[in-house]
Amino acid sequence: MKRLLAIMAVVTCLILGEGASLVHAGPVMGGGSDSEAALKDRPDTKPVKCVGLINMSNGIVLPKGKVTASIKYRYVHKDSLYDGSEEKHGNYGGKYDRVNQGLQFTAKAGLFEDFEARVMVPFWDKELKRKAGNPPTSTGTDSVSGLGDVVVMGRYALMSQRKGDWMSVALGAGIKLPTGDPDHENDFPFSNAHKYIGPGGQLGTGSWDPKIELGATKFVDRSRFDMHFMYTIPGDGAHGSRKGKQFKYNFGYGYALNKYFDLELELNGVEQERHRYDNEIAKSTGGHTIYITPGIHWKMAEKCHLSLGVPVVVYRDLNGYSADPDRNSRYGLGEDFQVVTRLAFSF
């Protein structure tokens, strides 16, 4: 898989590099003649461009004084157990069905020349169904809802196509704050083994988690190419818990059909290490999942757009383990697809 990621990165860079020769071929960002630049200032002759992709970030840093905001909703229903990529169909104790719904508010502002800050405020509604007993039977639904862990990031523009560079590249860093409640307790009989639910089921982890990111974007006429990487290093959380390190990698392409609609396609990957739970490794957590995300954007107004994307799982390798008797086996819980919507504004 590491070889695949390296090949994908090289191919993406080659594609972006090939597009550099086209930068003066038409009225794209960072290129064109003086007459074309004058036309850009007229609302009826502005070049048609694709807006930002829905399930990933990019390499564009806002100009100083520019502000954007968005509301993103994500629906995830995990109802299948996996050992690696093999789906398991036995009757096991523990988790077997999870629904996570998230509403994230994001605000970005260009604070200085080539530097922007953003804040992401999530709200969660999480439901988890588990089994216990011999034979295992459903014990009902465990649910939590409320404010999650807020993330604050800043990033600097290493290159900017808007200023004449052949592409845009941004490097950023930030931290996840322990603002979500990490103290939700297990109901009986699960409280016999663990007083608190695991870190993945809480509204927050109780930890300060540094993040670093690298993004790149290239516009070529009506097309845009994006790639983005994010690495999270969790700290020690509440009640002897610690989420595993996480690496997200994303490659995307968008095309503006006209001034009202865009189409997009993304490849999104998540590599998640196992979590710690009550100071022990939770063996049935973490893994590697890859999604293909088709999407559409409706540019309903010049400074407002609505987007819809459906990340579909095309590869999974989830952590789990077998035990004797079989009902004590524990496997990773996965989904087939997600649904993501975003309403975005610029000011």
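With the Cα gyration tensor of segment 282-325 giving a ≥ b ≥ c as the square roots of its eigenvalues, does the rule (a/c under 1.5 for rounded; else a/b larger than b/c for prolate; else oblate) give rounded, prolate or oblate?
prolate
Do the sum for the chain: with -39,500 (n - 2.57) for every DSSP H run of n ≥ 4, divided by all residues, what is the mean residue ellipticity at 222 nm, to the nearest 500 deg cm²/dmol?
-2500 deg cm²/dmol
What distance in nm separates the simple spin-label points at TYR75 and GLU185, each placed 7 Å from Cα in the Cβ direction?
3.4
Would you mind putting 134-146, 66-78 in packing order, based on average other-beta-carbon counts within 10 Å, highest first?
Ranked by mean Cβ neighbours within 10 Å, highest first: 66-78, 134-146.
With every protein chain kept in the model, how would you rank GLU271, GLU264 by accessible area, 1.4 Å probe, largest at the top?
If we order GLU271, GLU264 from most to least accessible, we get GLU271, GLU264.
What does the charge dipole of segment 199-255 about its Cα centre add up to, to the nearest 20 debye, if the Cβ of each Lys and Arg holds +1 and the Cβ of each Asp and Glu holds -1?
Dipole of segment 199-255, to the nearest 20 debye: 100 debye.
How many percent of the accessible area of segment 290-347 is carbon or sulfur, using a 1.4 Å probe?
Ligands and nucleic acids excluded, carbon and sulfur give 61 percent.
Could you do me a favour and compute the accessible area per residue for segment 126-199, 1.4 Å probe, result in Å²?
Accessible area per residue, segment 126-199: 48 Å².
Would you please give the FRET efficiency between LYS163 and SER85, computed as 1/(1 + (r/R0)^6) with r the Cβ-Cβ distance and R0 = 56 Å, to the nearest 0.05?
My answer for the efficiency is 0.80.
Please work out the C-alpha center-to-center distance from segment 99-160 to segment 185-247 and express it in whole Å.
8
Can you pull the accessible area of ARG98 for me, 1.4 Å probe, Å² to the nearest 10?
ARG98 has an accessible surface of roughly 40 Å² with all protein chains in place.
Taking only Cα atoms, what is the 0 to 90° angle, nearest 10, from helix 2-20's long axis to the longest principal axis of the chain?
Result, in degrees: 20.
What does the convex hull of the Cα atoms of segment 252-347 come to per residue, in Å³, rounded to a whole number?
Normalising the Cα hull of segment 252-347 by residue number yields 129 Å³.
Largest first, please: the extent of the C-alpha atoms of segment 52-193 along each principal axis, to the nearest Å.
Reported extents, whole Å, longest axis first: 67, 33, 22.
Among PHE105, PRO136, VAL150, which residue has its Cα furthest toward the positive end of the charge dipole of segment 100-167, with +1 on Lys/Arg Cβ and -1 on Asp/Glu Cβ?
Of the candidates, PRO136 comes out farthest on the positive side.
Could you please report the charge total around GLY295, scoring K, R as +1 and D, E as -1 over all other residues with beta-carbon less than 11 angstrom from its beta-carbon?
Local charge sum for GLY295: -2.
PRE reach from GLN101 (point 7 Å along Cα→Cβ): which of segment 304-342 fall under 16 Å by backbone N?
So the set is 338-342.
Hey, with R₀ at 45 Å, roughly what FRET efficiency would THR137 and TYR231 work out to, going by the Cβ-Cβ distance, to 0.05?
Result of the calculation: an efficiency of 0.65.
Taking only protein heavy atoms into account and a 1.4 Å probe, give the accessible area per residue of segment 230-335 in Å².
Spelled out: the 1.4 Å probe surface of segment 230-335, per residue, equals 48 Å².
Quote the FRET efficiency, to the nearest 0.05, computed for ILE296 versus TYR156 with a Förster distance R0 of 25 Å and r equal to the Cβ-Cβ distance.
The formula returns an efficiency of 0.20 here.
Explain nothing, just the number: dipole magnitude of the chain about its Cα centre with +1 on each Lys and Arg Cβ and -1 on each Asp and Glu Cβ, in debye rounded to the nearest 20.
So the magnitude is around 440 debye.
How large, in percent, is the carbon and sulfur part of the accessible surface of segment 127-188 at a probe radius of 1.4 Å?
Solvent-exposed carbon and sulfur of segment 127-188 make up 54 percent of the total.
Which entries of LYS176/LYS218; LYS88/LYS176; LYS126/LYS243 show an alpha-carbon separation above 27 angstrom in the structure shown?
Violating the 27 Å Cα-Cα cut-off are LYS176/LYS218; LYS88/LYS176.
Grab every C-alpha pair in the chain, bin the distances at 10 angstrom width from 0 up to the longest one, and report whole percents.
5, 22, 32, 21, 12, 5, 1, 0
What's the local net charge at GLU213, with K and R +1, D and E -1, over the other residues with C-beta under 11 Å away?
Cβ neighbours under 11 Å give a net charge of +4.
The values are calculated or read from the model by the stated rules, or taken from the named source; none is laboratory data. These figures come from a predicted structure and were not determined experimentally. Every residue, glycine among them, receives a Cβ derived from its backbone with ideal geometry; neighbour counts consider all protein chains shown. Ligands, DNA and RNA are excluded from the accessible area calculation, which covers all protein heavy atoms including side chains. Shrake-Rupley method; radii C 1.70, N 1.55, O 1.52, S 1.80 Å.
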